[in-house]
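Working notes for the structure below.
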Amino acid sequence: MILHARPVRRLAAAWLLAASLGAQAAPEADASAATPGALSATPSATSALTDPIMNLLGERGLLRPLGSAALVESMRNSVRDTASDLVMQAMNFLGVPYKRGGNSEETGFDCSGFTRHIFEHSIGLVLPRRADEQATTAGLLNIRRAELKPGDLVFFNTMKRTFSHVGIYVGDDKFIHSPRAGGEVRIEDMRSSYWERRFTGARRADLSAATPQLPTTR
């Protein structure tokens, strides 16, 4: 499943702004309990902000049917997580064209240029440039597929070598990546036969030790 989501990209940017405004309107919230640099909001504000997003992502196939209260509640709770902020930052670049060697929205992205840009500009963590280097860099935890969480790096064998492609896990067996020449940053389903056969591992950064960055605006 492929999700071309320019409207979702705009909604994601609006969500970031709305969440920030919601946090400013709730001075009674316990700031000491929030992750540094992460978005915060009261439960009521979070619910009001995430319900439309949940519905839109569900309609477009990004999430499984929203009948699962646990899934919705998990997504609501995650808006305060640094990892979720990273994922929302990544969604802000949906539709940016693939460019071999590309490192920015202006030039386009290749797969590892995209993940490097997102990690550096959302949480201040500078990854190596190549996908295989990102997979083997010190400080990243080796994660089994069953343990995947939003913000994890996911790696695939797409060029007859391990760790030749990389993307960012967004939840519900979906990942966001810059796929290939002629493509653009998009979200795909890891359960499809193509990606299922080529999955070679995942890595997790210690986001609690990262330096939060201001959101990228477009």
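What's the magnitude of the charge dipole for the range 103-209 around its Cα centre, counting Lys and Arg as +1 and Asp and Glu as -1 at the beta-carbon? Answer in Debye, nearest 20. Let's see the in-between values first.
On the way: 16 positive and 15 negative charges, 94 e Å.
Here the range 103-209 has a charge dipole of around 440 debye.
To the nearest whole percent, what portion of all C-alpha pairs in the range 85-218 is separated by more than 21 angstrom?
Of all Cα-Cα distances in the range 85-218, 32 percent exceed 21 Å.
What ranking, highest mean first, results for peptides 162-175, 94-107 when packing means the other Cβ atoms within 10 Å averaged over each residue? Numbers along the way, then the final one.
On the way: 162-175: 22.6, 94-107: 15.8.
Top of the packing list down: 162-175, 94-107.
If you stretched the chain out fully between residue 149 and residue 120, how much longer would it get, using 0.36 nm times the residue separation minus the C-alpha to C-alpha distance? Write down the numbers at each step before the final one.
Numbers: separation 29, 0.36 × 29 = 10.44 nm, distance 1.88 nm.
Length gained between residue 149 and residue 120: 8.6 nm.
Please state the relative contact order of the range 103-209 as a whole percent: Cα pairs under 8 Å, 6+ residues apart?
Relative contact order comes out at 28 percent.
Set the Förster distance to 22 Å, then compute FRET efficiency between residue 104 and residue 199 from the Cβ-Cβ distance, nearest 0.05. Don't skip to the answer; put the middle values down first.
Values: r = 28 Å, r/R0 = 1.25.
That pair, residue 104 with residue 199, gives E of 0.20.
Bear in mind these aren't lab numbers, they're just calculated from the coordinates by the rules spelled out. Every value quoted in this text rests on a predicted model; they were computed, and no experiment measured them. Here Cβ is always computed from backbone atoms with ideal geometry, including for glycine, and neighbour counts include all displayed protein chains.
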